[in-house]
Amino acid sequence: MQLTNSDPRHLRFPNWTAPAALVLLVLGSTVTCLGNGWVQDDLPIIKLHPLVHTLARPWTFFNQAYWPAPFARDLYRPFTSLMFAIEWVTGGGRPVVFWTVSILLYLGTTFAVYRLAKRLINPGAAWLAAAFFAVHPVHVEAVAVAVNQAELVVGLLLALLMTAYIDRRRSGIPLTGRWIAAMAGGFAVALLFKEHAILLPAFMAAAELTVIPDPRPWRERLASLRLLFLALVLVAVAFVGVRGAALHGNITGSFTAEALGGLGMGGRALTMLGVVPEWFRLFVWPAHLRADYSPQEIVAATHWGSAQTLGAALLLLAIATAWVCRRSRPQVTFGILWAAIGLSLVSNIVVPTGIVLAERTLFLASMGVVIAGSDLLWLAGSWIHGRGSVGRIAIATSVIVLLAMGLSRSASRQHVWHDVAGLWFQSVIDAPLSYRAHHAYGSILFDVKMERSAEIEYRRAIRLFPKGIPVYIDLAD
């Protein structure tokens, strides 16, 4: 260690300790997934999909839907499918290769978050943000399921692109054509991995409003950014066109989630307002996790209730915090805006999606949460630190305990995704009101000839959600 001055209380650790600690945190929270097998969407998209078992014709991924037949042609992720093919061929179809790649992608994303955070907040707070990101249990689903590598890749790319954008804008160097082309190219690559990368321009706009100082009038400022945003819009339009051609004109996305079926925009807004407390809980205290949030875990809201009141209060708290911090701590405002933008596509208000809530969809938004949250914690910690040695001990202890709890929960949660049977057995415990969990567990029981127990699970699923037609069909079969 090096001394900052002659006072032995002022110590500075070697430069390698911060990144080394992040590596250990990432590995500690993820290596337990290396023995896992194929679960959920891994089965149709990777294990049983012959197109990703070869690299003989890689160009075919660009005119194919992400989901193989007989599934609906409603998603387009050619780079993700190509990545799966490379992993399959490289490892001979062994699942451990996929989870090794997932861990490496998660490690890369953690360092990208660290790099982005260091541009915005105190270096110590930036490390804290990356450390919380590394052990956050809500990220387990993104790592433990192979098909969710697209979440990791897009998170990694957008964090890197935003860091490059902030660096360039703060430097005062004009945005050259070559630099704009590089940013547009990175944007195109991210889109071809997963559609929600389309949020990049919104993240850039949030940065302009908060963390990028520019004394010029807004008209002049916007004029300097016109070519960049025009390039990004052209990339997005081209992507939508290519996507529509590959999906035979389908540009609307996936099916509508059961809890949102038949609801208008007002009904969806009311329902999602009741989901807001779940978002906050999963970001702040993710002790209880679920693999599925289908009815009746989450149901359509037809009137204002306690969940909507709590959701509205939490939203107002977030808005008030962003507003109060907009001048004194704009990085907090930026983090809150990042989280809001990251959740916008899964908010289901303007356009309904096939998901009301899934933990993997919180991955991108959580970057903003850890940045804003760590900066506020660092501010509080600085105040407590000045209260004496007791305060300093309390701060260090709290951080260590939180990181240890997150690491332990993440490491143990990885085992839940070990195999299909174990996943759905645990799911009926974690989400007892999920009709889909009981349906899936009943199918597992039928496969092992436990017909009576299977029938009980199917009938529970029907009682929970009488509109679940597939359950009736499977029970009849």
Review point. Does residue 178 satisfy the condition of being in contact with a helix residue (DSSP H, G or I) (Cβ under 7 Å, 6 or more places away or on another chain), free of Cβ contacts under 8 Å to residues at least 24 places away in the same chain and of a type in the set (Lys, Arg)?
Key: no
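Quickly run through region 423-449 and pick out the residues that are open to solvent by 90 Å² or more (accessible area, probe 1.4 Å) and of a type in the set (A, V, I, L, M, F, W, C).
425, 429
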Check your understanding: What are the residues in region 439-475 that are more than 18 Å from residue 261 (Cα to Cα) and β-branched (Val, Ile, Thr), if any?
Key -> 444, 448, 456, 473
Check your understanding: Do any helices (runs of 4 or more DSSP H) entirely within region 386-470 hold 2 or more residues that are among the basic types (Lys, Arg), and if so, which?
Key -> 389-414, 451-464
Point to revise | Hits in region 452-472 (condition: open to solvent by less than 90 Å² (accessible area, probe 1.4 Å) and either out of contact with any helix residue (DSSP H, G or I) (no Cβ under 9 Å at 6 or more places or on another chain) or over 15 Å from residue 293 (Cα atoms) (or both)) | key: 453, 454, 455, 456, 457, 458, 462, 466, 470, 471
Review point. Is there a residue in region 120-140 that is aromatic (Phe, Trp, Tyr), surrounded by fewer than 24 Cβ atoms within 10 Å (Cβ to Cβ), assigned to a helix (DSSP H, G or I) and at pLDDT 95 or above?
Key: yes
**Study point:** Residue that is most open to solvent (accessible area, probe 1.4 Å) [pool: residues in region 240-264 that are out of contact with any Gly (no Cβ under 9 Å at 6 or more places or on another chain) and within 29 Å of residue 471 (Cβ to Cβ)]
**Key:** 252
Check your understanding: Could you give every pair whose Cβ atoms fall below 6 Å, whose first residue belongs to region 452-468 and is over 14 Å from residue 424 (Cβ atoms) and at pLDDT 95 or above, and whose second residue is among the hydrophobic types (A, V, I, L, M, F, W, C) and open to solvent by less than 50 Å² (accessible area, probe 1.4 Å), counting only separations of at least 6 or pairs across chains?
Key -> 462/471
Practice item. Evaluate the following for residue 236: is it buried (at least 16 other Cβ atoms within 10 Å of the Cβ) and closer than 24 Å to residue 139 by Cβ? Key: no
Point to revise | Test: residue 199 is open to solvent by less than 70 Å² (accessible area, probe 1.4 Å), of a type outside the set (Lys, Arg) and more than 22 Å from the chain's Cα centre (by Cα) | key: no
Review point. Which one of the conditions (1) in contact (Cβ under 8 Å) with a residue 24 or more places away in the chain; (2) closer than 16 Å to residue 270 by Cβ does residue 337 fail to meet, given that it meets all the rest?
Key: (2)
Practice item. Give the residue that is farthest from residue 416 (Cα to Cα), with candidates limited to residues of region 280-311 that are small (Gly, Ala, Ser), assigned to a loop (DSSP other than H, G, I, E, B) and open to solvent by less than 40 Å² (accessible area, probe 1.4 Å). Key: 305
Revision key, fill the gap. Going through region 3-40 in order, the residues found to be at pLDDT below 95 and open to solvent by 60 Å² or more (accessible area, probe 1.4 Å) are 3, 4, 5, 6, 8, 9, 10, 11, 12, 13, 15, 16
**Study point:** Selection count, region 265-279, where residues are exposed (fewer than 14 other Cβ atoms within 10 Å of the Cβ) and either without any contact (Cβ under 8 Å) to a residue 60 or more places away in the chain or not in a helix (DSSP H, G or I) (or both)
**Key:** 1
Review point. Pairs, please: C-beta under 7 Å, at least 6 apart or cross-chain, first residue farther than 21 Å from residue 211 by Cβ and in region 363-386, second buried (at least 21 other Cβ atoms within 10 Å of the Cβ) and among the small types (Gly, Ala, Ser)?
Key: 363/142; 363/155
Exercise for review: Evaluate region 326-336: report whether one residue or more is hydrophobic (A, V, I, L, M, F, W, C), at pLDDT below 95 and crowded, with 20+ Cβ neighbours inside 10 Å.
Suggested key: no
Check your understanding: Would a scan of region 354-363 turn up a residue that is assigned to a helix (DSSP H, G or I), more than 16 Å from residue 140 (Cα to Cα) and open to solvent by 10 Å² or more (accessible area, probe 1.4 Å)?
Key -> no
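Results for (1) among the hydrophobic types (A, V, I, L, M, F, W, C); (2) assigned to a helix (DSSP H, G or I); (3) in contact with a His (Cβ under 9 Å, 6 or more places away or on another chain); (4) open to solvent by 10 Å² or more (accessible area, probe 1.4 Å), shown as yes or no for each residue.
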residue: 79; (1), (2), (3), (4): yes, yes, no, yes
residue: 84; (1), (2), (3), (4): yes, yes, yes, no
residue: 97; (1), (2), (3), (4): yes, yes, no, yes
residue: 102; (1), (2), (3), (4): no, yes, no, no
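Quick check on my filter: what residues within region 228-264 are part of a loop (DSSP other than H, G, I, E, B) and either touching a Phe, Trp or Tyr at 6+ places or on another chain (Cβ under 8 Å) or modelled with pLDDT of 95 or more (or both)? Explain how you work it out, then say what you get.
Here is the first cut: in region 228-264, the ones part of a loop (DSSP other than H, G, I, E, B) are 247-257, 261-264.
Of everything in region 228-264, just one residue is part of a loop (DSSP other than H, G, I, E, B) and either touching a Phe, Trp or Tyr at 6+ places or on another chain (Cβ under 8 Å) or modelled with pLDDT of 95 or more (or both), namely 247.
Give the number of residues within region 153-179 that are assigned to a helix (DSSP H, G or I) and either surrounded by fewer than 14 Cβ atoms within 10 Å (Cβ to Cβ) or β-branched (Val, Ile, Thr) (or both).
Final tally of qualifying residues: 8.
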Check your understanding: Just wondering, is there one or more residues in region 159-171 that are over 11 Å from the mean Cα position of the chain (by Cα), at pLDDT 95 or above and among the acidic types (Asp, Glu)?
Key -> yes
Practice item. Evaluate region 377-397: report whether one residue or more is more than 30 Å from residue 120 (Cα to Cα) and open to solvent by 30 Å² or more (accessible area, probe 1.4 Å). Key: no
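The values are calculated or read from the model by the stated rules, or taken from the named source; none is laboratory data. A quick note: this is a predicted structure, and the numbers were derived from the prediction, not measured. All Cβ positions, glycine included, derive from the backbone under ideal geometry; neighbour counts span all protein chains shown. Surface accessibility is based on the protein's heavy atoms, side chains included, excluding ligands, DNA and RNA. Shrake-Rupley method; radii C 1.70, N 1.55, O 1.52, S 1.80 Å.
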